[in-house]
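What follows is one structure encoded as structure tokens, with my remarks underneath.
The values are calculated or read from the model by the stated rules, or taken from the named source; none is laboratory data. Computed from a prediction, not measured in an experiment: that's the story for all the values here. Glycine gets a Cβ as well: all are built from the backbone with ideal geometry, and neighbour counts include every protein chain shown. These area figures cover heavy atoms from the full protein model, side chains too; ligands, DNA and RNA do not enter into them. Shrake-Rupley method; radii C 1.70, N 1.55, O 1.52, S 1.80 Å.
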Amino acid sequence: MRLRNWLAVVVSVMLLVAVGIVGVVVNRSALRAADTVHRSDSVALAVNNATLAGQMQLLSAKELKAFADSYPFNLGVGYVNDLEALDSFVAKSPSFPYGASITALNGTVLNSSRANPLPLSTDPGYQPMRSLLLAGKLGLSSVMQVKDAGGTVVAVEAFAVPIKVNGTTTALLIGFNKVADTNLQAYTARLKSAAHLTTVIDTAGRVGFASDETRIGTVFDPAVVAAAAKLTNGSVFVEYRSGDTKMMSIIVKNETMPGGWAYVRTQTLASFDGAVHSRSQTINVTLLAMLLIGAVGISILGYRTQVQRRRADERFQALFLHAPDMVAVLDAEGRVAYSSPSAASVLHFPAGSLQGSSVFELVHPEDRPQMQQAFGRLLTERDGVLRLQTRILNRAGKATWFEFTASNQMQNPALTGIVINARDISENRAFQERLHHEATHDALTGLPNRRRMQDALGSSLRDDAVAVLFVDLDGFKPVNDAHGHEAGDELLRQVAARLSACVREDDVLARVGGDEFVVLMPGVTAQADADTMSARVRIAVERPFQVFGAEITIGASVGVHLATTSDDPDQALRAADHAMYAVKHLGGGRRAFGVPEQREPARVGRHRAD
């Protein structure tokens, strides 16, 4: 009997040991899985913020490049017109209100704005910018420190773009911004949290932008700086010590972050690991204690497991019911078998009213065929997953963009349906569309820019002939000289409005240079039709303009080229440009209407032959 009891005890102990070992292994696996998910989420968030930061930097660079491409710099030392142009640009620029300068390729300053003191040309912060320009990339300096007009030391960031004359880089245009006053710093400051520090650092490890503004201009921990220097693209986690505290930083570099700058998010290792690790340690201690209390421990463990499971289920249910994302289960016909409460609240339907209705009735009519086809394909793929973006109609019929993730769980007896998770992405879509519009349209007139016009010309020539009209304003430069650049800008806006009223609905009107416009007329093959439009453009431009109380009269030289489907888009544009130039050499469009000729210096455009 004693032997049997001992055997029972030994078996019980062995079972407890086995259960304990299994519990520890499972707990460690769950911890690793939780760590993996947590790190993946952290990387995704950091990459999104880094991408947004890079895009905001690139938008600033586009503004500087647009100024460099549009203004005819003299490039002489202390040239007054260049100085006035720099001061005007700084006064109106949202990205570079601190200052701007023109330098020779060897770094010699030719001209600089007078609003604020600028870093000396010998500042080592310029070196990364020059290296990037030599590599054919956007020039971006390291963070530089300079005393402003009030004697306060401020952190300054510089962008540089080449100034080209006849296609050759002859000088550099440098724009400066006070880091603390930029849009990127304002966005980073909104990420401020007691739990973590968000920063963007330069190649030297100096903080450019930070959720804690007092960190701007300081140098980051050497361990993070070294890791950022080794990273070229992607993300990396860095553990290090700050005094007696263990720290964790995630570093991100990607193609949108210019100049080798890096996004860094830092917090204590304890806050990064969170409650998951502490809960894991508690479970391990509990399992070890159960090994010592025998069979009673097994009962306690079972009870504890049930309690934890019930709490986890309740927590999951609470999270599921109050999650902002919509969750639904559809049957094979696309009818809603189940929908989370958020589905009704987000779409403003009464609770439970979506039950049994067809999900396709909620899809925008234009997106409905695509949604039905995708749903049909998903039904044929066991355990298949589908992701797509579509517009959903709320109760009032208003469309909102959602991102859908659909999983085929028809074979899962617990679900027997298609599981849908939908997230509102309307803000992201609006932001992307705004970025696309800014990249393809002229900021002054709102017309399509050169890039958008070239895309439209190439696309049109693949299907049909296109009449290309190249319009250059006669007498525009004297307007700038006599009335100022603000008057010139207003005149360009009025010219754009008049030309917009001239063109047909299917025509494309674009501003491609300072005072140059292009009209594309798809489907026009007759010279008479193109000449009619040319005359209409000249007449519209030659009517007097009222600009800031002054009556201004200008003219227009219009070059016409009838491009066929076999023409190269660039050749077609050059042909129209040459035709316009021939008109201008004959006196311009204004001579025929009795307007005195005011010849301007010949400028070789991007599409003009030397």
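Of the residues screened, SER500 is one that is without any contact (Cβ under 8 Å) to a residue 60 or more places away in the chain and within 30 Å of TRP401 (Cβ to Cβ). Has the stretch 500-512 got at least one residue that is touching a Lys or Arg at 6+ places or on another chain (Cβ under 6 Å), open to solvent by less than 20 Å² (accessible area, probe 1.4 Å) and part of a loop (DSSP other than H, G, I, E, B)? Checking the stretch 500-512: at least one residue is touching a Lys or Arg at 6+ places or on another chain (Cβ under 6 Å), open to solvent by less than 20 Å² (accessible area, probe 1.4 Å) and part of a loop (DSSP other than H, G, I, E, B). Of the candidates ALA91, ALA115, ALA104, the single residue that is open to solvent by 10 Å² or more (accessible area, probe 1.4 Å), under 23 Å from THR445 (Cβ atoms) and of a type in the set (A, V, I, L, M) is ALA91.
Residues that are closer than 21 Å to LEU184 by Cβ and either buried (at least 18 other Cβ atoms within 10 Å of the Cβ) or among the aliphatic types (A, V, I, L, M) (or both) within the stretch 216-236 comprise ILE216, GLY217, VAL219, PHE220, VAL224, VAL225, ALA228, LEU231, SER235, listed in sequence order. Residues in the stretch 386-399 that are free of Cβ contacts under 8 Å to residues at least 40 places away in the same chain and open to solvent by less than 30 Å² (accessible area, probe 1.4 Å): LEU388, THR390.
Checking each residue in the stretch 63-80 for being assigned to a helix (DSSP H, G or I) and exposed (fewer than 15 other Cβ atoms within 10 Å of the Cβ) picks out SER70, VAL80.
Of the residues GLU255, GLU239, which is in a loop (DSSP other than H, G, I, E, B), open to solvent by 40 Å² or more (accessible area, probe 1.4 Å) and among the charged types (D, E, K, R)?
GLU255
Can you find, within the stretch 128-137, the residue that is most open to solvent (accessible area, probe 1.4 Å) among those that are farther than 26 Å from GLY76 by Cβ and either in contact (Cβ under 8 Å) with a residue 12 or more places away in the chain or in contact with a His (Cβ under 8 Å, 6 or more places away or on another chain) (or both)? The residue in question is LYS137. Taken over the stretch 119-141, the criterion of being outside any helix (DSSP H, G or I), closer than 20 Å to TYR98 by Cβ and of a type outside the set (S, T, N, Q) is satisfied by PRO119, LEU120, ASP123, PRO124, GLY125, LEU138, GLY139, LEU140. Return a yes/no flag: does the stretch 101-110 have any residue that is closer than 21 Å to GLU63 by Cβ, assigned to a loop (DSSP other than H, G, I, E, B) and modelled with pLDDT under 90. Checked against the condition, which is being closer than 21 Å to GLU63 by Cβ, assigned to a loop (DSSP other than H, G, I, E, B) and modelled with pLDDT under 90, the stretch 101-110 yields no hits at all. Between ALA344, ALA312, ALA323, the distinction of being open to solvent by 40 Å² or more (accessible area, probe 1.4 Å) and modelled with pLDDT under 70 belongs to ALA312 only. Mind listing just one residue for me: the one in the stretch 353-376 that is hydroxyl-bearing (Ser, Thr, Tyr) and within 17 Å of PRO341 (Cβ to Cβ) and, of those, most open to solvent (accessible area, probe 1.4 Å)? Looking at residues that are hydroxyl-bearing (Ser, Thr, Tyr) and within 17 Å of PRO341 (Cβ to Cβ), I get SER353. Give the stretch 142-162 a look and list any residue that's assigned to a strand (DSSP E or B), surrounded by 23 or more Cβ atoms within 10 Å (Cβ to Cβ) and among the β-branched types (Val, Ile, Thr), or say none. Listed by number, the list holds a single entry, VAL156. The residue list ARG536, ARG574, ARG543 contains one member that is closer than 16 Å to GLU516 by Cα and of a type in the set (Lys, Arg), which is ARG574. Take the conditions (1) in contact (Cβ under 8 Å) with a residue 12 or more places away in the chain; (2) under 25 Å from PHE237 (Cβ atoms); ASP87 misses just one of them, which is (2).
What number of residues in the stretch 23-60 are touching a residue at least 60 places away in the same chain (Cβ under 8 Å) and farther than 19 Å from THR188 by Cα? Summing the residues that are touching a residue at least 60 places away in the same chain (Cβ under 8 Å) and farther than 19 Å from THR188 by Cα in the stretch 23-60 gives 10.
The strands (runs of 3 or more DSSP E) found entirely in the stretch 536-592 that carry 1 or more residues being under 17 Å from ALA465 (Cβ atoms) and open to solvent by 30 Å² or more (accessible area, probe 1.4 Å) are 555-563. Among what's in the stretch 395-409 and is out of contact with any Leu (no Cβ under 7 Å at 6 or more places or on another chain) and polar (S, T, N, Q), pick the residue that is nearest to GLY334 (Cα to Cα). Among residues in the stretch 395-409 that are out of contact with any Leu (no Cβ under 7 Å at 6 or more places or on another chain) and polar (S, T, N, Q), the one nearest to GLY334 (Cα to Cα) is SER407.
Test THR188 against the stated conditions and say whether it is open to solvent by less than 20 Å² (accessible area, probe 1.4 Å), assigned to a helix (DSSP H, G or I) and under 14 Å from ALA46 (Cβ atoms). Here the answer is yes, as THR188 does meet what is asked.
Mind listing whichever residues of the stretch 117-152 are over 31 Å from the mean Cα position of the chain (by Cα) and aliphatic (A, V, I, L, M)? Those that are over 31 Å from the mean Cα position of the chain (by Cα) and aliphatic (A, V, I, L, M): LEU120, ALA149.
The residues of the stretch 27-43 that are at pLDDT 85 or above and either open to solvent by less than 50 Å² (accessible area, probe 1.4 Å) or among the basic types (Lys, Arg) (or both), listed by number, are ARG39, SER42, VAL43.
Residues in the stretch 461-499 that are in a loop (DSSP other than H, G, I, E, B) and more than 25 Å from ALA572 (Cβ to Cβ): GLY475, GLY484. Filtering the stretch 502-541 to residues that are within 33 Å of the chain's Cα centre (by Cα), among the small types (Gly, Ala, Ser) and over 16 Å from ASP474 (Cα atoms) leaves only ALA510. Among the candidates THR445, THR440, the residue that is touching a residue at least 12 places away in the same chain (Cβ under 8 Å), crowded, with 17+ Cβ neighbours inside 10 Å, among the polar types (S, T, N, Q) and over 17 Å from LEU562 (Cα atoms) is uniquely THR445.
With the condition kept exactly as written, say whether any residue in the stretch 196-203 is free of Cβ contacts under 8 Å to residues at least 40 places away in the same chain and within 19 Å of THR256 (Cα to Cα). Within the stretch 196-203 (the criterion being free of Cβ contacts under 8 Å to residues at least 40 places away in the same chain and within 19 Å of THR256 (Cα to Cα)), the answer is no, since none of the residues qualifies. Filter the stretch 347-397 down to residues that are of a type in the set (Asp, Glu) and at pLDDT below 80, then give me how many there are. So the count comes out to 1.
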